[in-house]
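The structure under discussion appears below in the form of structure tokens.
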Amino acid sequence: SSKTAQEGNNNFMKNMFSSSGKNSTDSKLMKQYMALQKRMVQMDLKFQTAVLEMLGTTEERTEALQLLTTNALPGNVLGRRPLDRLFQTDDNHNAEGKKKKNVYVLDFNGDVGATQVENLREEVSSILLMPESENLEVVVKLSSGGGTVTGYGLAAAQLTRFRKRNVPLTICVEQVAASGGYMMACVADRIVASPLAVLGSIGVISDQPNFYQRLKREGIEFQTVTAGKYKRTLTPTKKVTQEDLDKSKEEIEGILKLFKGFVHKNRPKLDIDNVATGETWFGEDALREKLCDAIATYDDTIADYILKENANVYKIEYSPPTPATNPLLAALPSSSNSNSRNPIRNMIRSLAQMVREEVMSEASSVLPSINNNNNNDPSKYTMAQKDDNEFYF
């Protein structure tokens, strides 16, 4: 019956508005419309009463049904039906007719080299190219213990693109956002951490073995030719001097100064000198130090957007296109660097990798300590300096 009345009402409205130019003062048509509107309201209220009789009349249930009826606008002949909020089918508008907020969710599980930054770049760009970018928010589920300065510097720069476009950004830290990971997190308008998430580790480290003395005992001497006083300071094969140590320390302090400045600029509420000590804090302690803004899980954060803000939530994930398979290139060794798409370069790198493995295999019999130095544990917040003078957060 309600459906029939609704159809009759719709047909009536079409006729009324199509003839409004001819006779806009037709009181008879208006009376018919008012009668149909009243009938629909009565049917809706009757339906609500039947629901209460089946479920039982508790204070909570009665209050919930009263909320459903708030869409009826007394005195407004074009008012919405009481059950419009319940039967709302438009995903882009809420019960009041206002446009819903769109929330886009990204994942960033960072490794030491921040290799996911290429995918992040594409995901950020796709969101910023949305035609209605003024009515959206972004949530990034972040997990990273840090890594290279250059890699995480670029990843943080990608997130700052949201801030430049005034797009609200929330970072959810489920387990860890330390060092370079916190450099990314601090860009957000709001940082939400789970109760035992680890945050902080604002510092820089350069760490490497030196086997100059062992080489000397074995009668092996490395010759390195450089141009520039500080082109090479600390290396695994060079005799360490105090000048080299002082220069390396100066470089690390310079990077830390940049790191602290970046964090403080994005989170001015932090006592930066107090937290930029390389220490980490868990959950509530991180909240006390103002490293985060709230304690909640990622799941609760997303649920709040859906249930409390009635927002549309979408997951965004970039999948790189699959290159066409070439039978001739398929026989070549594949490169471990997925970011390179040049087949000739991949082949050269593969050959270089094979040569390197052979050299290291031969050297291991003389220098067994080389293979025992494992600085690639991703669970560490900071990593060692490589031979090419890369520093790590």
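The values are calculated or read from the model by the stated rules, or taken from the named source; none is laboratory data. Source: prediction; values computed, not measured. Ideal geometry is used to build each Cβ from the backbone, glycine not excepted, and the neighbour counts take in all protein chains shown. Just the protein is used for accessible areas: all its heavy atoms, side chains included, with ligands, DNA and RNA removed. Shrake-Rupley method; radii C 1.70, N 1.55, O 1.52, S 1.80 Å.
Values computed for the structure shown
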| quantity | calculated |
| --- | --- |
| Subset tally (residues that are of a type in the set (A, V, I, L, M, F, W, C), touching a helix residue (DSSP H, G or I) at 6+ places or on another chain (Cβ under 9 Å), open to solvent by 90 Å² or more (accessible area, probe 1.4 Å) and not in a helix (DSSP H, G or I)) for segment 213-269 | 1 |
| Criterion (at pLDDT 65 or above, crowded, with 17+ Cβ neighbours inside 10 Å and either in a helix (DSSP H, G or I) or not assigned by the TED database to the domain that holds Leu169 (or both)) met by exactly one of Glu123, Glu137, Glu118, Glu53 | Glu123 |
| Any hit, segment 169-182, residues being assigned by the TED database to the domain that holds Thr297, on the phi < 0 side of the Ramachandran plot, among the acidic types (Asp, Glu) and open to solvent by less than 40 Å² (accessible area, probe 1.4 Å) | no |
| Members of segment 26-52 found to be touching a residue at least 24 places away in the same chain (Cβ under 8 Å) and not β-branched (Val, Ile, Thr), listed by number | Met30, Tyr33, Met34, Leu36, Gln37, Arg39, Met40, Met43, Asp44, Leu45, Phe47, Gln48 |
| Residue count, segment 270-316 (criterion: closer than 12 Å to Ala193 by Cβ, open to solvent by less than 80 Å² (accessible area, probe 1.4 Å) and assigned to a loop (DSSP other than H, G, I, E, B)) | 6 |
| The lone exception for Arg190 - which of (1) open to solvent by 70 Å² or more (accessible area, probe 1.4 Å); (2) under 19 Å from the mean Cα position of the chain (by Cα); (3) free of Cβ contacts under 8 Å to residues at least 60 places away in the same chain it fails | (3) |
| Long-range neighbours under 8 Å by Cβ, at least six apart or interchain, first residue at positive phi and open to solvent by less than 30 Å² (accessible area, probe 1.4 Å) within segment 200-212, second outside any loop (DSSP other than H, G, I, E, B) and polar (S, T, N, Q) | Gly200/Thr280; Ser201/Thr280 |
| Where Leu196 falls short, out of the listed (1) in contact with a Lys or Arg (Cβ under 8 Å, 6 or more places away or on another chain); (2) within 22 Å of Ile295 (Cα to Cα); (3) surrounded by fewer than 24 Cβ atoms within 10 Å (Cβ to Cβ) | (1) |
| Residues of segment 284-311 satisfying the condition of being of a type in the set (S, T, N, Q) and within 17 Å of the chain's Cα centre (by Cα) | Thr297, Thr301 |
